[in-house]
Amino acid sequence: MSGAGRSTALHVLEDLGFYCVDNLPPALAPDLIHMLEDTDGVNWVALGIDLRTGTFLEGTDEVLDRLSAQGHELEVLFLDCQDETLVRRFSESRRPHRLAPAGDLPGAIAREREQLASLRERASYVVDTSSLTVHELKRLLSEYAEAGKSERLPMVLRFMSFGFKYGLPIDADLVFDLRALPNPHFVPELKAKTGEDPDVSDFVLKAQQSQELLADIEQLLRRHIPNYEREGKAYLTVALGCTGGKHRSVALSRELYSVSHPCPPYH
């Protein structure tokens with residue numbers, strides 16, 4: 001149903017390793033599948049279908065029957081939602097319903113249900129998203145897909161170093177301030193070097209404050225990374241900042257990466 005979460009579902013499936021195509025006329029699905037059969041790394045395909053497909057929606061049952069007859073493992077995931085919730089979502093988003101150019105949302109939703117009735121009847125799995133948050137829907141769909149449909153791609157953990165004098169990085173999820181650590185900038189023989197240099201790295205990491213902070217950050221990540229993964233997050237960016245982003249932040253970012261990279265739950 002329009003407004004029930006199709007876009008969210010496709011994003012989740014894409015993160016799980018599916019090759020996703022939205023609004024493809026169903027009649028073209030066999031050609032797409034045939035084209036992808038010889039493509040390395042593509043084992044699962046997800047097609048997003050709703051009323052935007054228009055008249056192309058006709059004949060969907062026949063296309064699905066043909067794909068099944070060809071030996072493809074096929075499932076229909078139908079996202080449904082209560083009428084009053086759909087009306088509220090369309091009102092909040094201020095987007096027009098395809099079947100309600102004059103604003104008759106209840107009537108449009110009723111007509112949409114009629115047109116999608118056969119697709120819903122053959123659904124392998126029906127999800128009512130009326131009371132689900134975006135995060136709950138992501139978690140539910142992840143569990144559904146992981147139950148034999150695909151191996152979930154691991155959440156990517158990124159470490160980033162930056163300088164506070166340049167501003168906060170816009171793509172950071174977690175930010176740690178390292179400006180209280182000993183600063184190589186004030187050591188003449190280290191000032192011109194960076195945190196990638198062993199001398200600078202040793203200077204920063206041997207400090208007790210650095211070791212304590214590293215231990216705290218590592219403990220926090222190990223405790224909370226599973227929560228981010230359950231929420232369906234594909235990337236988690238951990239940003240470590242010092243004044244100029246040259247010495248301390250680089251040294252600690254590299255150290256955290258070297259510690260975390262080989263062992264779960266880090267990737």
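The values are calculated or read from the model by the stated rules, or taken from the named source; none is laboratory data. Here the structure is a predicted model, which is why all the values come from computation and not from measurement. With ideal geometry, Cβ positions are generated from the backbone for all residues, glycine too; neighbour counts draw on all protein chains shown. Side chains are part of the model used for accessible areas, which takes the heavy atoms of the whole protein and leaves out ligands, DNA and RNA. Shrake-Rupley method; radii C 1.70, N 1.55, O 1.52, S 1.80 Å.
A few points about this structure:
- Selection from the range 57-71 of residues that are assigned to a loop (DSSP other than H, G, I, E, B) and either open to solvent by less than 20 Å² (accessible area, probe 1.4 Å) or at positive phi (or both): G59, G71
- Restricting attention to the range 107-129, the residues that are surrounded by 14 or more Cβ atoms within 10 Å (Cβ to Cβ) and of a type in the set (S, T, Y) total 1.
- Counting the residues of the range 196-239 that are open to solvent by 90 Å² or more (accessible area, probe 1.4 Å), touching a residue at least 60 places away in the same chain (Cβ under 8 Å) and in a helix (DSSP H, G or I) gives 1.
- Among (1) surrounded by 16 or more Cβ atoms within 10 Å (Cβ to Cβ); (2) modelled with pLDDT of 85 or more; (3) closer than 20 Å to S2 by Cβ - the single one D83 does not satisfy: (1)
- All conditions but one from (1) touching a helix residue (DSSP H, G or I) at 6+ places or on another chain (Cβ under 9 Å); (2) more than 20 Å from H11 (Cα to Cα) apply to R230; the one that does not is (2).
- Condition check for G167: of a type outside the set (S, T, N, Q) and surrounded by 12 or more Cβ atoms within 10 Å (Cβ to Cβ): no
- Output for the range 179-195, where each listed residue is open to solvent by 70 Å² or more (accessible area, probe 1.4 Å) and over 11 Å from G244 (Cα atoms): A180, F186, P188, E189, K191, A192
- So G71, is it more than 29 Å from the chain's Cα centre (by Cα), at pLDDT 85 or above and more than 22 Å from V127 (Cβ to Cβ): yes
- For the range 5-23, the count of residues that are in contact with a Phe, Trp or Tyr (Cβ under 9 Å, 6 or more places away or on another chain), part of a helix (DSSP H, G or I) and modelled with pLDDT of 90 or more is at least one.
- Hits in the range 103-131 (condition: touching a Leu at 6+ places or on another chain (Cβ under 7 Å), touching a residue at least 12 places away in the same chain (Cβ under 8 Å) and more than 15 Å from F78 (Cα to Cα)): I109, R111
- Within the range 35-56, considering residues that are in a loop (DSSP other than H, G, I, E, B) and open to solvent by less than 100 Å² (accessible area, probe 1.4 Å), the one modelled with the highest pLDDT: W44
- Unique match (being within 20 Å of D31 (Cα to Cα) and modelled with pLDDT under 85) among G103, G59: G59
- For the range 5-25, the condition of being closer than 30 Å to H135 by Cα, in contact with a Ser or Thr (Cβ under 9 Å, 6 or more places away or on another chain), open to solvent by 60 Å² or more (accessible area, probe 1.4 Å) and polar (S, T, N, Q) holds for none of the residues.
- Only one of the numbered conditions (1) at pLDDT below 80; (2) open to solvent by 50 Å² or more (accessible area, probe 1.4 Å); (3) basic (K, R) is violated by K149, and that is (2).
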